[in-house]
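All of the numbers you see were taken from the coordinates with simple rules; none came from a lab. What you see is a predicted model; the values in this text were computed from it and never measured. Quick reminder, even Gly has a Cβ in these numbers, built from the backbone with ideal geometry, and neighbours come from all protein chains shown.
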Amino acid sequence: MRLHEYQAKEVFSEAGIPTPAAELAESVDGAVEAAESIGYPVAVKAQVHVGGRGKAGGIILADDADEAREAAEDILGMDLKGFTVERVLVEEAVDFVNELYVGVTMDRGEGKPVAMVSTRGGVNIEEVAEEDPDAIAREHVDPAFGMHPYQARKAVYDAGVDRDLARDVASILTTLYDLWDAKDGADAEINPLMVTADDEVIAADAVFNVDEDALFRQPDLAEMEEEGEFSETELERKADEYGFDYVRLSGNVGIIGNGAGLVMTTLDLVDHYGGSPANFLDVGGGAKADRIANALDMVFSDENVDAVVFNIFGGITRGDEVARGINQALGQFDEIPKPVVVRLAGTNATEGMEILNEDLVTVEQTLEDAVQRAVGYAGDAADIEEVDQ
Amino acid sequence: MSVLVDDDTRVVVQGITGGEGRFHTEQMIEYGTNVVAGAVPGKGGEEVAGVPVYDTVEGAVEAEDADASVVFVPPAFAGDACFEALGVDDLDLIVAITEGIPTQDMARVNRRLQETDTYLVGPNCPGLITPGEAKLGILPGNIFSAGNVGLVSRSGTLTYQVVDNLTQRGLGQSTAIGIGGDPIIGTSFVEALALFEQDPATDAVVMCGEIGGEDEEEAAEYIDEYMTTPVAGFIAGRTAPPGKRMGHAGAIVSGSGTGTAESKISALEGAGVPVGDTPDEVAANVEDLL
């Protein structure tokens with residue numbers, strides 16, 4: 001789960017990390033009022049979960065009330081990469097001489113947290129990491145002990161941060177690590193950490209992503225999550241509601257399966273046999289008939305889908321439950337909206353095959369055959385659509 | 001012969017009184033696994049499927065001489081359950097089935113694991129099975145058959161699919177290990193491959209990887225340098241877009257382009273490992289290697 005910039009700044013500021021004076025606004029008038037009380041110049045910043053806001057026009061500087069009004073009018077209600085901007089953060093524009101980067105994340109290869117510092121702040125840090133890995137100082141932390149103060153100092157010195165700033169930057173890094181540790185962070189980042197002419201350091205942006213699996217013990221952060229805000233499309237919102245792992249893609253073969261690895265493999269096979277996958281949908285382990293019916297409803301609601309391949313290899317999922325769900329979902333239609341190819345294997349697959357109504361679906365015995373059949377149906381449907389147009 | 005589990009493995013089930021724990025204990029026993037004890041705080045003295053339950057793992061191991069543990073404890077408490085098992089010297093193997101354990105808990109468990117000689121398989125995994133002898137976890141026993149092909153995979157149902165393709169070609173398995181789909185796991189591909197390399201009963205190994213992380217690349221290096229047993233590979237997620245989590249918490253191609261299927265496939269092929277385009281091609285490759 002990602003916090004908004006304003007939320008992350010609240011959390012950072014409470015912990016003692018300096019942040020610019022700022023106010024959240026939901027209306028143009030509110031934004032101007034905030035700007036007036038903060039004093040100019042201000043930055044008006046869209047609060048949406050999108051990277052590269054600045055480039056996309058989601059951050060505008062304003063020197064007076066007219067400019068602040070214009071900026072708020074431009075940004076509020078705008079569409080930023082599929083998200084509608086409903087709130088802006090109006091913030092004191094920091095007059096900086098330098099931009100740094102500090103961050104904490106989990107290094108999965110090492111299985112350990114890593115604290116990072118760089119003097120190349122203010123730009124996409126992943127690009128820096130790729131072009132010039134040495135520009136980022138990294139310090140791995142033993143999770144049994146947490147970050148020792150000397151490690152924060154070492155990272156700061158290794159990064160080549162100005163000696164006059166070292167103490168302050170090390171202190172901010174230590175605070176950031178402690179927050180990350182205490183609040184089950186996935187990623188915590190300040191980019192840029194601005195340096196002013198009189199050597200003040202201020203967090204001009206803030207990123208804090210929380211480990212979803214740990215939200216149960218972070219009630220304060222869980223409360224900050226707003227319903228549906230991470231879903232880009234109506235379909236993804238629906239998937240949230242049904243509790244499916246779902247990713248929409250651009251093709252026309254709908255895919256339903258159980259288990260992440262097998263569903264990914266089914267997508268790959270659709271591609272391998274010349275089709276194009278419309279989605280990733282994992283019903284999870286032990287899905288009952290209702291859940292299966294919901295999955296079909298999901299994929300049918302995607303207008304791009306021309307055919308569906310339903311591949312279940314039952315371990316804890318039972319073939320008879322799956323078959324019942326398919327019959328239930330398809331039985332309600334006078335005419336099946338899109339052809340469905342089913343392949344059942346594993347636990348109770350034989351029972352499932354007996355239950356499946358073969359008037360409603362095409363049954364295949366192997367994964368390869370099922371995928372090829374669905375790709376064929378989808379191709380036929382696409383051809384017909386073309387003729388219709 | 002086999003790796004990690006066999007007829008003699010004596011199992012304690014942590015979380016045996018929960019729904020999943022109870023059901024899969026019955027399934028494991030039915031398969032022939034030696035489940036000798038359960039461990040659930042506050043439930044000492046009870047019985048599940050004829051198995052005595054103890055309050056602590058230590059108590060269960062002392063009383064019933066267990067040497068392996070399977071963890072079915074809910075995610076909020078599973079990290080603690082792993083620590084408890086790691087604190088008992090006589091346990092050589094811990095299999096953590098639980099999905100959704102906080103990552104920082106697993107980082108601490110992993111840190112503790114480094115201090116021991118214990119193998120931890122998982123978490124978020126289907127477990128492991130030595131066909132005809134024992135299974136620890138939730139794998140459906142009936143699809144496996146005994147043989148000389150080792151299998152290691154990050155995904156449960158993909159394991160079943162590949163096993164099915166192997167079985168269709170009459171290729172049985174020595175041991176199949178599901179190492180789990182989380183970002184931080186105990187036993188890695190490299191460790192599992194090393195076990196198969198040392199096992200005289202394993203004549204070929206199937207390795208099923210997926211997008212995310214760099215474990216497959218490390219495995220490729222290991223295979224290239226140390227392995228004499230031939231390996232056939234498969235990588236799921238060729239069509240996965242960057243930045244989207246494909247079900248498993250660990251299955252994500254990062255924005256900076258690491259963890260891609262191409263990188264993993266080329267690393268494996270560079271190590272002489274044939275990588276199949278379909279599960280059936282993987283089985284065909286194994287046939288060729290044997």
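Counting charges near A:Pro192 (Lys, Arg +1; Asp, Glu -1) among other residues having Cβ under 12 Å from its Cβ returns a value of -2. The Rg/Rh ratio of the stretch A:96-224, with Rg taken over Cα atoms and Rh as the Kirkwood radius over Cα pairs, comes to 0.97. Of interest is the spacing of the C-alpha centroids, which for the stretch A:133-188 and the stretch B:96-169 amounts to 36 Å.
Overall shape of the stretch B:1-80 was characterised from the C-alpha gyration tensor. The equivalent ellipsoid obtained from it has semi-axes of 19, 13, 13 Å, in decreasing order.
Run the helix sum for chain A: -39,500 (n - 2.57) per DSSP H stretch of 4+ residues, divided by residue count, reported at 222 nm to the nearest 500 deg cm²/dmol.
On the way: 13 runs with 152 residues, N = 389.
Computed ellipticity for chain A at 222 nm equals -12000 deg cm²/dmol.
For A:Lys338, a cut-off of 21 angstrom between C-alpha atoms picks up these lysines, skipping any fewer than 8 places away in its own chain: A:Lys238.
By the count of neighbouring beta-carbon atoms within 10 Å, fewest first, A:His140, A:His4 end up ordered A:His140, A:His4. Within the listed set A:Val207, A:Val361, A:Val156, the residue fluctuating most in the Gaussian network model of chain A (springs between alpha-carbon atoms under 10 angstrom) is A:Val361.
Counting other Cβ atoms within 10 Å as a rough exposure proxy, the listed residues B:Thr239, A:Thr265, B:Thr116 run B:Thr116, B:Thr239, A:Thr265 from fewest neighbours to most. The C-alpha atoms of chain A define a longest principal axis, and helix A:367-388 lies at about 90 degrees to it.
Find, to one decimal place in angstroms, the Kirkwood hydrodynamic radius of the protein assembly as shown, where the mean of 1/r is taken over every pair of different Cα atoms and then inverted. Can you show the working numbers first?
Numbers: mean 1/r = 0.0372 Å⁻¹.
26.9 Å is the Kirkwood radius here.
Which residue, A:Lys55, A:Lys338, A:Lys288, tops the fluctuation ranking in a GNM of chain A built on C-alpha contacts under 10 Å? Highest fluctuation among the options: A:Lys55.
Remark on the stretch A:19-92: ratio of C-alpha radius of gyration to 2.2 N^0.38 Å is 0.96.
Here, P(r) means the percent of Cα pairs in each 10 Å bin from 0 to the largest distance; for chain B it is 7, 30, 35, 21, 6, 0.
Please give the FRET efficiency for A:Asn124 paired with A:Arg217, using the beta carbon to beta carbon distance and R0 = 41 Å, rounded to the nearest 0.05. It would help to have the intermediate numbers written out before the result.
Numbers: r = 32 Å, r/R0 = 0.78.
Using R0 = 41 Å, I get an efficiency of 0.80.
Would you kindly calculate the mean projected area, averaged across all directions, of the convex hull enclosing the Cα atoms of the stretch A:234-381, in square nanometres? Spelled out: convex hull of the Cα atoms, projected over all directions, averaged, 7.3 nm². Evaluated at q = 0.11, 0.25 Å⁻¹, a Debye calculation over the C-alpha positions of the stretch A:161-243 (equal weights, vacuum) places log10 I(q)/I(0) at -0.45, -1.20. Could you tell me how many degrees, from 0 to 90 and to the nearest 10, lie between the Cα long axis of helix A:5-14 and the main elongation axis, the longest principal axis, of the Cα atoms of chain A? So the helix axis and the longest Cα principal axis differ by about 50 degrees. Across all directions, the average projected area of the convex hull around the alpha carbons of chain A is 23.5 nm².
Across the alpha-carbon atoms of the stretch B:171-210, the computed radius of gyration and Dmax are 10.8, 31 angstrom.
Here's the picture: charge each Lys and Arg Cβ at +1 and each Asp and Glu Cβ at -1 in the stretch A:234-381, and of A:His272, A:Ile336, A:Asn348 the one pushed furthest to the positive end of that dipole is A:Asn348.
The largest-to-smallest principal axis extents of the Cα set in the stretch B:36-139 are 35, 33, 25 Å.
Expressed in nm², what is the orientationally averaged projection area of the convex hull enclosing the Cα positions of the stretch B:144-290? Show your work: numbers first, answer last.
Numbers: hull surface 30.4 nm².
Over all viewing directions, the stretch B:144-290 projects a mean Cα-hull area of 7.6 nm².
What is the local net charge at A:Glu33, summed over the other residues whose Cβ is closer than 12 Å to its Cβ (Lys, Arg +1; Asp, Glu -1)?
Numbers: positive: A:Arg69; negative: A:Glu23, A:Glu26, A:Asp29, A:Glu36.
Net of charged neighbours comes to -3.
Note on the stretch B:190-236: dipole from Cβ charges, positive end direction compared against B:Thr229, B:Ala201, B:Ala219; the farthest Cα belongs to B:Ala201.
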